[in-house]
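Participant: Okay, handing you the structure first.
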Amino acid sequence: MDTNARELLTNPDFALMAQSYGLHGETVRSTDEIVDTVERALMSPTGALLHVITDPTLRAPSPEVPAGVMNGDRP
């Protein structure tokens, strides 16, 4: 049987888990939802957990570090 690891692993509903402990929990599925969701989370008196769904095929851009910065120098 040829099974991909991604097919075997599923994440739990982290937002629902947070709610079961009395916290504010929400799942964010698109960038359009982020601002409102973060505002609601910040207003929560109990603390909050935001489960942000991302695209696993996207990679973060490579940082460009100017010469000397790693040694504490500033450009």
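Participant: List the residues, sorted by chain then number, that are 5 or more residues from residue 28 or on another chain and whose placed amide H is less than 5 Å from its amide H.
Facilitator: Correct list: 51, 52, 53.
Participant: Could I ask something else about it? Under 19 Å from a label point 7 Å along Cα→Cβ of residue 20: give me every residue in the stretch 34-66 with its amide N that close.
Facilitator: In the stretch 34-66, the label zone of residue 20 (backbone N under 19 Å from the point 7 Å along Cα→Cβ) covers 47-52.
Values in this text are rule-based calculations from the coordinates and carry no lab data. Quick caveat, the model's predicted, so the values are computed rather than measured. Every residue, glycine as well, gets a Cβ built from its backbone with ideal geometry; the counts of neighbours run over all protein chains shown.
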